[in-house]
Amino acid sequence: MALKKGTKRWLSKNAAPSFGGKTVLITGATGGVGLKTAELMVFLKARVIMACRNLEKAEGVKEKLLGEYPDAKIEIMLLDLADTRSIDLFVGKIDNDKTDIDVFLNNAGVFHKPGEVTADGFDMVIGTNYLGVFYLSEKILPYLKTLPHGVDYINTVSIIHKIAKIDYNDFFYRRKYGNFRVYARSKLCLARYSYELSRRYEKTNVRIMMNHPGITITPLGINAFGRFVGSAAKVVSGLFNSNEKSALSVPYIMSKDIKAGSIVGPSKLFGGWGYPKINRVGKRVMTGAYELISFTEKTIRDHNYTV
Ligand SMILES: NC(=O)c1ccc[n+]([C@@H]2O[C@H](COP(=O)([O-])OP(=O)(O)OC[C@H]3O[C@@H](n4cnc5c(N)ncnc54)[C@H](OP(=O)(O)O)[C@@H]3O)[C@@H](O)[C@H]2O)c1
């Protein structure tokens with residue numbers, strides 16, 4: 001732990017000097033980009049809420065952060081995006097405690113889980129990365145709308161959404177499962193939904209945004225590209241974005257007057273690498289939301305959950 005000099009230099013030029021007084025909630029803050037985002041936020045004096053499915057792991061991460069930043073304000077909440085009951089409890093607690101939140105980052109995600117299903121029986125990748133975030137968003141946004149200040153609601157997508165397709169006749173790829181295809185679809189669905197949300201919340205205090213980390217070596221990244229690439233990446237680390245650089249999209253969004261519905265992330269090497277910038281939002285993200293949302297609501301309703 002400890003941020004690199006280059007990161008601090010970049011922050012001094014591109015981010016507000018402090019986020020003191022702000023609360024940033026990060027899902028999946030136990031590792032990879034989520035953990036680095038938590039560190040950046042703590043460094044910039046924000047209070048951090050780590051929303052995680054593994055409380056023991058989260059406690060370990062909190063200890064490490066406190067070792068480096070003894071004054072850090074860090075809380076942990078239980079959230080399993082692969083379980084709608086867990087999402088209900090999580091949202092209920094926030095609502096009950098009237099938790100103040102300035103930034104809500106839906107960072108948690110999974111790749112490569114063939115055959116695994118969520119507690120509600122959905123394919124694990126689409127179920128977590130899209131349906132879980134969809135269900136959570138529908139439940140938490142009405143609460144965030146009541147807060148007396150601006151809120152940034154950021155959904156983490158991936159550049160791979162640019163090559164994804166949606167087929168409602170085989171939404172979960174039951175016929176021909178492919179790791180990249182399923183993951184790409186989950187992220188396209190999330191991007192399309194997020195873009196539509198940004199329009200629906202245009203005249204409210206909630207700014208809906210998207211970010212992406214480029215290509216960075218994390219457990220998820222290694223899962224996607226294989227152990228060989230993971231090991232090679234340690235040798236030629238400059239070829240991949242560091243977790244730290246990938247996490248900079250969040251302070252960037254928090255500090256800039258960027259239009260709702262934008263995607264912020266690296267833009268060099270086809271979006272895989274570099275410091276964050278505003279990316280172009282493609283037609284496949286901007287169209288088709290009505291059909292997607294109707295399909296999603298029906299899919300969730302058919303499992304006896306209401307959105
Ligand atoms: N790495 C890349 O190159 C890349 C590229 C494009 C997009 N992304 C996206 O960036 C985000 C972060 O990825 P990463 O690479 O940092 O992955 P990572 O290191 O594998 O971390 C993923 C995080 O999500 C959490 N998580 C997984 N399933 C969850 C669930 N059901 N409920 C709650 N939390 C859950 C994990 O918790 P545990 O610690 O309990 O496992 C972990 O904290 C993801 O949305 C990913 O799709 C990554």
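For the ranges 183-193, 267-277, 133-143, 7-17, what's the packing order if you count other beta-carbon atoms within 10 Å of each residue, average per peptide, and put the highest first? Let's see the in-between values first.
Working: 183-193: 25.3, 267-277: 17.3, 133-143: 19.7, 7-17: 13.6.
Ranked by mean Cβ neighbours within 10 Å, highest first: 183-193, 133-143, 267-277, 7-17.
Please state the shape class of segment 84-165: rounded when a/c is under 1.5, otherwise prolate if a/b exceeds b/c and oblate if not, all from the C-alpha gyration tensor. Present the calculation step by step, with values, prior to reporting the outcome.
On the way: a/c = 3.08, a/b = 1.55, b/c = 1.98.
Since a/c reaches 1.5 but b/c is at least a/b, the shape of segment 84-165 is classed as oblate.
Among Thr218, Thr156, Thr37, whose mean-square fluctuation peaks in a Gaussian network model of the chain (Cα, cutoff 10 Å)?
Of Thr218, Thr156, Thr37, the most mobile in the Gaussian network model is Thr218.
Would you work out the relative contact order for segment 143-193, in percent, from Cα pairs under 8 angstrom that are 6 or more residues apart?
Details: 29 pairs, mean separation 23.9, N = 51.
This gives 47 percent for segment 143-193.
So how far apart, in nm, are the two label points at Lys259 and Thr146 if each is 7 Å from Cα heading toward Cβ?
In this crude spin-label approximation the distance works out to 3.3 nm.
Only Cα pairs under 8 Å and at least 6 apart count here; give the relative contact order of the chain as a rounded whole percent.
Values: 556 pairs, mean separation 52.6, N = 307.
Dividing the mean separation by the residue count of the chain yields 17 percent.
To make sure I understand, if each residue's beta carbon is the centre and we count other beta carbons within 10 Å, what order do His149, His212, His303 fall in, fewest to most? Before the final figure, lay out the partial values.
Working: His149 9, His212 25, His303 12.
The order, fewest Cβ neighbours first, is His149, His303, His212.
Above 35 Å lies some portion of the pair distances; for segment 5-302, what is it as a whole percent of all C-alpha pairs?
Values: 5001 of 44253 pairs.
Distances greater than 35 Å cover 11 percent of the Cα pairs.
Where is the GNM fluctuation largest for the chain (alpha-carbon springs, 10 angstrom cutoff): Gly109, Gly150, Gly265?
Between Gly109, Gly150, Gly265, it is Gly150 that shows the largest mean-square fluctuation.
Anything over 21 Å Cα to Cα? Flag those among Lys4/Lys57; Lys73/Lys93; Lys57/Lys245; Lys145/Lys259, in the order listed. Kindly include the intermediate steps, with their values, before the conclusion.
Working: Lys4/Lys57 24 Å; Lys73/Lys93 19 Å; Lys57/Lys245 23 Å; Lys145/Lys259 18 Å.
Over 21 Å apart, Cα to Cα: Lys4/Lys57; Lys57/Lys245.
Please compute the modelled spin-label separation between Lys268 and Lys73, points set 7 Å along Cα→Cβ, answer in nm with one decimal.
The answer from the label model is 3.6 nm.
Evaluate the relative contact order of segment 165-307 (contact order divided by residue number), counting alpha-carbon pairs under 8 angstrom at least 6 apart; express in whole percent. Show your work: numbers first, answer last.
Working: 171 pairs, mean separation 36.2, N = 143.
After rounding, I find 25 percent.
Using the Karplus curve 6.51 cos²θ - 1.76 cosθ + 1.60 with θ = phi - 60°, work out ³J(HN,Hα) for each residue of segment 189-199 in order, rounded to whole Hz, and write x for Gly and Pro.
Going residue by residue, I get 4, 5, 5, 5, 5, 5, 4, 5, 4, 4, 6 Hz, with x marking Gly and Pro.
Out of all DSSP beta bridges in the chain, what portion is antiparallel? Express it as a percent rounded to 5.
Values: 6 of 32 bridges.
Once the DSSP bridges in the chain are tallied, antiparallel ones form about 20 percent.
Which of the three applies to segment 42-99, rounded, prolate or oblate, going by the alpha-carbon gyration tensor with a ≥ b ≥ c and a/c under 1.5 meaning rounded? Present the calculation step by step, with values, prior to reporting the outcome.
Values: a/c = 3.30, a/b = 1.67, b/c = 1.98.
In terms of gyration-tensor shape, oblate.
Evaluate the charge dipole of segment 5-302 about its Cα centre and quote only its size in Debye, nearest 20, assuming +1 on the Cβ of each Lys and Arg and -1 on the Cβ of each Asp and Glu.
1260 debye
Give the separation of the Cα centroids, segment 71-122 to segment 18-53, in Å.
Using only Cα atoms, the two centres lie 14 Å from each other.
Every read-out reported here was derived from the displayed coordinates using simple, explicitly stated rules and does not represent laboratory data. The structure displayed is predicted, hence computed values, not measured ones. Quick reminder, even Gly has a Cβ in these numbers, built from the backbone with ideal geometry, and neighbours come from all protein chains shown.
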